[in-house]
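The values are calculated or read from the model by the stated rules, or taken from the named source; none is laboratory data. Owing to the predicted nature of the structure, the values given are computational and were not obtained by experimental measurement. All Cβ positions, glycine included, derive from the backbone under ideal geometry; neighbour counts span all protein chains shown. Heads up: the accessible areas ignore ligands, DNA and RNA and are worked out on the full protein's heavy atoms, side chains in. Shrake-Rupley method; radii C 1.70, N 1.55, O 1.52, S 1.80 Å.
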Amino acid sequence: MASGAAHYHSALGSYYVGGESLAVGHLFMAAEALREATLADYCERTGRTEAQIMSGEGHDRRGHLLAWARRELIFAGDTFVYTRAKDASDGLEHGYRTVSEVRELAEPVCGKVFEYVRRAIVSLLELPQATRDQLLD
């Protein structure tokens, strides 16, 4: 959780015109860091085990389950935003995309990725509902 919040903080520092690529990179790393806690929270709330989820989703490896948790739970099943954010982050991190390509992927989805990651962080905190609502408004 702490690493996810730290990456979210770094993304905020990169959120300016032209900084969307770095912001999305940090936000995707935040989602990576939050997936275990988000999955555990989901299991607790739904009463489902990881094995039940894996079986229901057709996964045979825990790594696939964690990718599912990132996409379906943190990114709320928004495959368009998820795919663009992942491609931008991976392209930046591994250097196989140009700066222009990464920016073209990141710029249109940056605000939505912020929303998804912020929602994931807030959902893991023990806060009164009014405070949650204010943070997500």
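Here are the numbers for this structure:
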item: Point-charge dipole on Cβ atoms (K/R +1, D/E -1) for the range 24-111, about Cα centre, debye to 20; result: 80
item: Relative contact order (%) - the range 20-95, alpha-carbon pairs under 8 angstrom, separation at least six; result: 46
item: Nitroxide proxy distance, nm - points 7 Å out along Cα→Cβ at His9 and Ala37; result: 1.3
item: The range 1-55 - percent of accessible surface contributed by carbon and sulfur, probe 1.4 Å; result: 58
item: From phi via Karplus (6.51, -1.76, 1.60), per-residue ³J(HN,Hα) for the range 52-67 in Hz, x at Gly/Pro; result: 5, 5, 4, 5, x, 8, x, 9, 10, 9, 5, x, 5, 5, 5, 5
item: Candidates Ala11, Ala88, Ala67: whichever shows maximal mean-square fluctuation once the chain is modelled as a Gaussian network with Cα springs under 10 Å; result: Ala67
item: Residues of the chain: accessible area per residue with a 1.4 Å probe, Å²; result: 55
item: Principal-axis tilt of helix 2-13 within the chain, Cα atoms, nearest 10 degrees; result: 30
item: Debye intensity ratio in log₁₀ form over the Cα atoms of the range 77-137, taken at each q of 0.14, 0.29 Å⁻¹; result: -0.49, -1.11
item: The chain: mean projected area of Cα convex hull, nm²; result: 8.6
item: Net lengthening on full extension, Thr131/Thr83 (0.36 nm per residue, minus Cα-Cα); result: 14.2 nm
item: Phi to ³J(HN,Hα) by Karplus 6.51 cos²θ - 1.76 cosθ + 1.60 over the range 23-37, Hz, x for Gly, Pro; result: 4, 5, x, 5, 5, 5, 5, 4, 4, 4, 5, 8, 5, 4, 5
